[in-house]
């Protein structure tokens, strides 16, 4: 695998850092080189939050990423700020529950995921980050679904009341991406 960069961005409190950490931990589990860098706005909850994760089979030269291969945006300000930075030929995952516009760009794949609606339907709106995580795994194929599932159980399994819900929405997000993009067209 060549180096793969992903950025997740939204408001503080949307689980951006948790989703990024799960990607990083799953990458480590698959013996990849990993760099995870968080960035917070002035306030933790409600301010802008984003993180980048770099995965590679070889040593990572720099963890700083300006044009990621994939960007997952959870809210409109993040859509506006980071959408133009997706690498041509890359992947743009949009939480269509909170973002009612689409990008005019045609040089990347745009995947619209109604993450909040899917999470609420499953029983908890706070699981929207796990829906997006599942969609990222399904659309990119950069990590094995089973590895991410195991990592989620290890890292979030202490809250038993949410574990089944998180596993359900992870699978739903994954399946949505596979149905929309298809396995052969993963980015």
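The values are calculated or read from the model by the stated rules, or taken from the named source; none is laboratory data. Just so you know, these numbers come straight off a predicted model, no measurement behind them. Please note: Cβ atoms are built from the backbone with ideal geometry, for glycine as well, and neighbour counts cover all protein chains shown.
Would you check if residue 148 is surrounded by 17 or more Cβ atoms within 10 Å (Cβ to Cβ), modelled with pLDDT of 95 or more, touching a helix residue (DSSP H, G or I) at 6+ places or on another chain (Cβ under 9 Å) and under 21 Å from residue 69 (Cα atoms)? Before you say what the answer is, go through the steps one by one.
Values: surrounded by 17 or more Cβ atoms within 10 Å (Cβ to Cβ): yes; modelled with pLDDT of 95 or more: yes; touching a helix residue (DSSP H, G or I) at 6+ places or on another chain (Cβ under 9 Å): yes; under 21 Å from residue 69 (Cα atoms): yes.
Taking the combined requirement at face value, the residue satisfies it.
Of the listed requirements (1) surrounded by fewer than 24 Cβ atoms within 10 Å (Cβ to Cβ); (2) modelled with pLDDT of 95 or more, residue 127 misses just one: (1).
Residue pairs whose Cβ atoms lie under 7 Å apart, separated by 6 or more positions or on different chains, with the first residue in the range 48-71 and exposed (fewer than 13 other Cβ atoms within 10 Å of the Cβ) and the second at pLDDT below 95 and not in a strand (DSSP E or B), are 57/1. Just one of (1) in contact with a strand residue (DSSP E or B) (Cβ under 9 Å, 6 or more places away or on another chain); (2) surrounded by 14 or more Cβ atoms within 10 Å (Cβ to Cβ) fails for residue 101. It is (2). Just to be sure before I move on: is residue 22 under 18 Å from residue 135 (Cα atoms), part of a helix (DSSP H, G or I) and without any contact (Cβ under 8 Å) to a residue 12 or more places away in the chain in the structure I sent? In short, no. Do we have residue 86 as at pLDDT 95 or above and either surrounded by 13 or more Cβ atoms within 10 Å (Cβ to Cβ) or closer than 14 Å to residue 6 by Cβ (or both) here? The answer is yes for residue 86.
Taking the criterion of being under 15 Å from the mean Cα position of the chain (by Cα), modelled with pLDDT of 95 or more and buried (at least 16 other Cβ atoms within 10 Å of the Cβ), would at least one residue in the range 180-187 satisfy it?
We begin by selecting, within the range 180-187, every residue under 15 Å from the mean Cα position of the chain (by Cα); these are 186-187.
Still in the running and modelled with pLDDT of 95 or more: none.
For the range 180-187, residues under 15 Å from the mean Cα position of the chain (by Cα), modelled with pLDDT of 95 or more and buried (at least 16 other Cβ atoms within 10 Å of the Cβ): absent.
Residue 100 - would you say it is within 20 Å of residue 176 (Cα to Cα) and in contact (Cβ under 8 Å) with a residue 60 or more places away in the chain? No: the conditions fail for residue 100.
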